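S.K.: Once you've had a glance at the structure underneath, I'll fire off some questions.
The values are calculated or read from the model by the stated rules, or taken from the named source; none is laboratory data. Just so we're clear, the structure is a prediction, and the values are computed from it rather than from any experiment. Here the Cβ positions follow ideal geometry from the backbone for every residue, glycine too, while neighbour counts run over all protein chains shown.
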């Protein structure tokens, strides 16, 4: 299958390119390198050093014996996107090319409007390019479980049958996003759904949980083919590594916890730490996205998958990181920090997640193994985290002020 | 009350300025004049000639004895918007400054993305300006009944109590927009609702039905004060007139029907003409918006009003226009035209609309009177409709092709 990855330089995009190539797919993709710039703007960098695109492409070719077609450019530029797609001729497009940070979107009005323009117009460009030139192509679009917020009812996968005042209908499930970034994902869902309805396009809208992990098998050095490539201390080809963000703006809670553990500062759940979310390891995310690609929806079908393995609360996460650190001989401490966000402290959370299991998803079920790999990889690069450790403390507050948060008293 | 109208040069914006001034409010507002440009881009013009802003402002001053503070600029420019608001110091902002045409948003990818950037970023700028500088201000935001589509259940006003798989919650009612313009209104609703929740802003989100009519009392020449102003044949001050669009892109169905009647071409409902929508006369729209302004929500309250008087199907509308034309001695004919849009032909439609009645809204209940005024005003300017009559036939199709539609065979 010919698969075009928009946002191929990112955490998931680059990893997916390796995973799909190893399964025999032809991979191409586009990126403008914005993720590297955003993290730099926040005063940080990837904890794990990542190669520039030229080196990445070279290592890819050595490892998989074929070229990855890369298009450098801006998805909000319709001409660039359309020409790239015409050149590549995809069977499927995986759209990972959006600004993915809630705090970044809440910095100020300019970041909020820019996030809207960037995320929405990139997706609209893709939908129109598909309508006019690739009507059979499958759009695998990354949404987020965060679109739903935390309703007091079960979150279905896709539409829900509802009875209201004596009549019935099947309707889109209501969204309650928690930041302007999350709002853009909600808007995208409306726009993609509409395109499928009006134009007969096919799309899988993946409501993804929080992905964690630093490794998949396809990154490892392999004596049969990797002779010219350099492996790091973990046995992974350095130029095939994917990024790992730990700053308070682009790092997820679990990433920050691991980074805090390896540099010996307290692990900081926000608020009371009872927020519940869905999580899945990096390798499971790859498995799920590939299942969706290899089992595309019908023409005109708009399909929603809730993609996560388990629901944990933030305190459970912190404890799991403490446990993984202990195996490395690190005594990590947990200390709660005031929450810069506006979110419910205690809430019901019970989303369906059956559709990927029905397609054959086999959860690896190994959070501790994945966390151990993360801690090992970060320990190796702890000086890079120490150098930017002040970015671990959040300073983007939902009320618009910009001051470092304190510990809970 | 100091009321700032964004989009004050438009059909509703200008009319509302007159209505509010007559009730003793201090009115100001912003506009970039885009509506005039869009209609020109579509090859048409307002059937009723409208004065330039300078003349409008002069006539306003003569008629109401006070100045209207006008700010020319772009709502997507935060600095412009913020400086205008700082200068005016509003108690309430009425946001009518968006691109309001479904077909215009569906012309091509560039019009779809532009509509998103224009509509969403203008509203986001307003929300951030309110958060940071006018936290007590009331935002009266114009949405559309079209956000809801045509669900098979009652459409509530605001959130709905729902029971789903044994649990209950109060959730935003699902939206099913019918064009990318409608999508932007849905996105705005999510963004405004979020700002009220996060920042304690107050907003009324008006899901407005289709407004029709050309006159309100405040436009009429008045011997006590209007000595220096010129009245047209209907006794209305020419420089206080509001626009009337009849082209297939910016004219509503009812506007096109009236325009078709006065120039003697068939009235053209789309498809079978069974689509049902909510409608209200221009003077009722003014009454409702003013009720919302004079009865603002609490701080932190996000309030939804469904604003319309009656539900009609498109065929009933066509018949009402035939009746109004007959009174003028015009024998109008109805001939159905193929539908360039994608919408349900036959559907349930039953939206609540109680909240404005509870605030004291008294429907004028006089569709025929309103239509008679419309036909009279258009008859006076029928040569302007004849000059652009080809724009009455739609050529923006939802599938992306651009050909004039035919009559139903």
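S.K.: Here are some residues: B:60, B:70. Which one is more than 14 Å from chain A (Cβ to nearest Cβ), in a helix (DSSP H, G or I) and in contact (Cβ under 8 Å) with a residue 60 or more places away in the chain?
M.R.: B:60
S.K.: Within the bounds of segment A:211-230, is there any residue that is at the interface with chain B (Cβ under 7 Å from one of its Cβ atoms), free of Cβ contacts under 8 Å to residues at least 60 places away in the same chain and touching a helix residue (DSSP H, G or I) at 6+ places or on another chain (Cβ under 7 Å)?
M.R.: No; the residues of segment A:211-230 include none that is at the interface with chain B (Cβ under 7 Å from one of its Cβ atoms), free of Cβ contacts under 8 Å to residues at least 60 places away in the same chain and touching a helix residue (DSSP H, G or I) at 6+ places or on another chain (Cβ under 7 Å).
S.K.: Given the criteria at the interface with another protein chain (Cβ under 10 Å from one of its Cβ atoms) and more than 20 Å from residue B:211 (Cβ to Cβ), does residue B:134 qualify?
M.R.: no
S.K.: Test residue A:139 against the stated conditions and say whether it is crowded, with 21+ Cβ neighbours inside 10 Å, facing chain B (nearest Cβ under 7 Å), at negative phi and touching a residue at least 12 places away in the same chain (Cβ under 8 Å).
M.R.: Here the answer is no, as residue A:139 does not meet what is asked.
S.K.: Let me spell it out: the conditions are (1) at positive phi; (2) at pLDDT 95 or above; (3) touching a strand residue (DSSP E or B) at 6+ places or on another chain (Cβ under 9 Å), and residue B:371 meets all of them except one. Which number is the exception?
M.R.: (1)
S.K.: Checking residue A:88 against (1) without any contact (Cβ under 8 Å) to a residue 40 or more places away in the chain; (2) farther than 23 Å from residue A:287 by Cβ, only one condition comes out false. Which one?
M.R.: (1)
S.K.: Restricting segment B:299-334 to residues that are within 16 Å of residue B:252 (Cβ to Cβ) and without any contact (Cβ under 8 Å) to a residue 40 or more places away in the chain, which is surrounded by the fewest Cβ atoms within 10 Å (Cβ to Cβ)?
M.R.: Across segment B:299-334, the extreme among qualifying residues is B:316.
S.K.: Quick one: in segment A:96-128, which of the residues that are assigned to a loop (DSSP other than H, G, I, E, B) and at the interface with chain B (Cβ under 10 Å from one of its Cβ atoms) is farthest from residue A:143 (Cα to Cα)?
M.R.: A:108
S.K.: Based on what the data block shows, is residue B:120 under 16 Å from the mean Cα position of the chain (by Cα), buried (at least 21 other Cβ atoms within 10 Å of the Cβ) and farther than 30 Å from residue A:168 by Cα?
M.R.: No, not satisfied.
S.K.: Please work out if residue A:346 is at pLDDT below 95 and either touching a helix residue (DSSP H, G or I) at 6+ places or on another chain (Cβ under 8 Å) or away from chain B (no Cβ under 14 Å) (or both).
M.R.: Yes.
S.K.: Here is a follow-up. Please indicate, with yes or no, whether at least one residue in segment B:145-163 is modelled with pLDDT of 95 or more, closer than 15 Å to residue B:192 by Cα and under 16 Å from the mean Cα position of the chain (by Cα).
M.R.: Within segment B:145-163 (the criterion being modelled with pLDDT of 95 or more, closer than 15 Å to residue B:192 by Cα and under 16 Å from the mean Cα position of the chain (by Cα)), the answer is yes, since at least one residue qualifies.
S.K.: I've got another one for you. Looking only at segment B:148-157, how many residues end up being touching a strand residue (DSSP E or B) at 6+ places or on another chain (Cβ under 6 Å) and either away from every other protein chain (no Cβ under 12 Å) or surrounded by 17 or more Cβ atoms within 10 Å (Cβ to Cβ) (or both)?
M.R.: 5
S.K.: Does residue A:53 satisfy the condition of being surrounded by fewer than 23 Cβ atoms within 10 Å (Cβ to Cβ), under 23 Å from residue A:118 (Cα atoms) and in contact with a helix residue (DSSP H, G or I) (Cβ under 7 Å, 6 or more places away or on another chain)?
M.R.: no
S.K.: Quick check, is residue A:190 farther than 22 Å from residue A:8 by Cβ and modelled with pLDDT of 95 or more?
M.R.: The answer is yes for residue A:190.
S.K.: On the given criteria, is residue A:187 in contact (Cβ under 8 Å) with a residue 24 or more places away in the chain, within 14 Å of chain B (Cβ to nearest Cβ) and more than 15 Å from the chain's Cα centre (by Cα)?
M.R.: Against the criterion (in contact (Cβ under 8 Å) with a residue 24 or more places away in the chain, within 14 Å of chain B (Cβ to nearest Cβ) and more than 15 Å from the chain's Cα centre (by Cα)), residue A:187 qualifies.
S.K.: Also: Within the bounds of segment A:158-171, is there any residue that is in a helix (DSSP H, G or I), more than 19 Å from residue A:7 (Cβ to Cβ) and either more than 8 Å from chain B (Cβ to nearest Cβ) or touching a helix residue (DSSP H, G or I) at 6+ places or on another chain (Cβ under 7 Å) (or both)?
M.R.: No; the residues of segment A:158-171 include none that is in a helix (DSSP H, G or I), more than 19 Å from residue A:7 (Cβ to Cβ) and either more than 8 Å from chain B (Cβ to nearest Cβ) or touching a helix residue (DSSP H, G or I) at 6+ places or on another chain (Cβ under 7 Å) (or both).
S.K.: Then there is this: Residue B:1 - would you say it is touching a helix residue (DSSP H, G or I) at 6+ places or on another chain (Cβ under 8 Å) and surrounded by fewer than 18 Cβ atoms within 10 Å (Cβ to Cβ)?
M.R.: yes
S.K.: I'm checking my understanding of the structure. Among residues of segment A:26-45 that are in contact with a helix residue (DSSP H, G or I) (Cβ under 7 Å, 6 or more places away or on another chain) and farther than 28 Å from residue A:294 by Cα, which one is surrounded by the fewest Cβ atoms within 10 Å (Cβ to Cβ)?
M.R.: A:43
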